[in-house]
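Take a look at the structure below.
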Amino acid sequence: DAIPSADQIRITTSLKSQRGSVWTKNKSIFEYWEVEVTFRVTGRGRIGADGLAIWFTEEQGLEGPVFGAADKWNGVGIFFDSFDNDGKKNNPGVIVVGNNGKLLYDHQNDGSTQALASCQRDFRNKPYPVRVKITYYQKTLTVLINNGFTPDKEDYEFCAKVEDMVLPSQGYFGISAATGGLADDHDVLSFLTFQLTEPGKEVCFLKYKVPGLRTNEQKHDGNNENLYGTVEGREADDLFETVSDRELRQIFEGQNRIHLEIKQLNRQLDMILDEQRRYVSAVTDEIAKRGAGFPACPHQVSQQEIETVVKTQEEVIRQVNEIRNSMADTLRLISGAQHPGSAAGVYETTQHFNDIKEHLHVVKRDIEHLVQRNMPSSEKSKCPDLPPFPSCLSTMHFFIFVAVQTVLFIGYIMYR
């Protein structure tokens, strides 16, 4: 049921009981490899079915009940399961299942009894395409996923890792999908495969293309280093991000975003300050002209009102300067937090975040106060006077109406 087009392949359409798959025509002879897959899973329902699978198998897969492919295979399948068959509320999820060609997939339990590794990720109906990076290097299979919330193509997060995994030395790459009683559109936008080599080993350049998909492109550099661009002798375990490293990275990214926001706010405050200064200068020149004996024009405000406006603007300038100083203190605080002396100093930035939050609240309150104070009296919103409420019923008519209603009610009761 797969439908190829110029820019993607729709593995299955959002119709019930669909099965589709795409496989490479030639075997991959790479000992170590990496695939990068970009896909979309979209549907109108709150939940979807059945899901999508990425394969590396010794032989090309046939149509079957496992996400559109056969239920026996020699290799590995990474399953993006949309439907919760076992009712444990752990779907959508990503499951890694290996097979030696003799194992039947446990579909009713979502493969939980056969999963070598798994993670729970929602990959349906995302604003951007979902990206998956699957790496097999030195008998270690790693799955990274970009959840499709940002346009950043390299915003991957760790999903699963399987060690001591032996896969066929040669095999076919494929991708399949299926629908059941519920249905989603399963679209594949790209499928890239790369050869990984150990430092110092010769690289075998082999490149071929499958119509509709870009596959088997060489990934190397001038120094013949491996996928990660590391120097010779670096351990594979150093390539994975630890929990503490991820937390530190998230802290620094948050600080950088706050720093940029405060800089932008500081520029806006500078613009406000310059505008107020120009206004005060113009009003002061007008007062000087008045004092020099220029005749007063009709409909002009009095000198006392102009002096009041000047004083108000000077107060505005003073408050804006205070806000600017507060912003400068906040910037210095963030700059100090971004260059900690030790790991313990990084975790102390929690208090810095609280200080930044207080500064931002003060800035917001002061700006609202300035806007209210600078609004001319003629422009201040006033509630319109309510028109006199018309009296639709006099007291006499009301009592007559009540009496008639009472008589009618008593007559109805007696009639019943």
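The values are calculated or read from the model by the stated rules, or taken from the named source; none is laboratory data. Worth saying up front: this structure is predicted, and the values here are computed from it rather than measured. Here the Cβ positions follow ideal geometry from the backbone for every residue, glycine too, while neighbour counts run over all protein chains shown. Accessible surface areas use protein heavy atoms only, side chains included; no ligands, DNA or RNA. Shrake-Rupley method; radii C 1.70, N 1.55, O 1.52, S 1.80 Å.
Rank by packing, highest mean first: peptides 398-411, 270-283, with packing defined as the count of other Cβ atoms within 10 Å averaged across residues.
Values: 398-411: 10.1, 270-283: 13.8.
The densest-packed peptide leads the list: 270-283, 398-411.
Once you have a ≥ b ≥ c as the square roots of the Cα gyration tensor eigenvalues for the range 3-195, tell me rounded if a/c is under 1.5, and otherwise prolate or oblate according to whether a/b is larger than b/c.
rounded
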Inset, instruction - Just read off the accessible area of Thr242 with the full protein assembly in place, 1.4 Å probe, to the nearest 10 Å². - result: 70 Å²
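Accessible area of the range 3-195 with a 1.4 Å probe: how many percent of it is carbon plus sulfur?
On the way: 3910 of 8390 Å².
That fraction is 47 percent.
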Legend entry - Per residue value of the accessible surface for the range 3-195 (all protein chains in place, 1.4 Å probe), Å²: 43 Å²
Inset, instruction - Output the relative contact order of the range 3-195, whole-number percent, from Cα pairs under 8 angstrom with separation of 6+ residues. - result: 39 percent
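Report the net charge of residues surrounding Asp185, where surrounding means a beta-carbon distance below 11 angstrom and charges are Lys +1, Arg +1, Asp -1, Glu -1.
Counting the neighbours of Asp185, the net charge comes to +2.
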Legend entry - Listed pairs Lys263/Lys364; Lys133/Lys153; Lys27/Lys133 exceeding 18 Å between Cα atoms: Lys27/Lys133
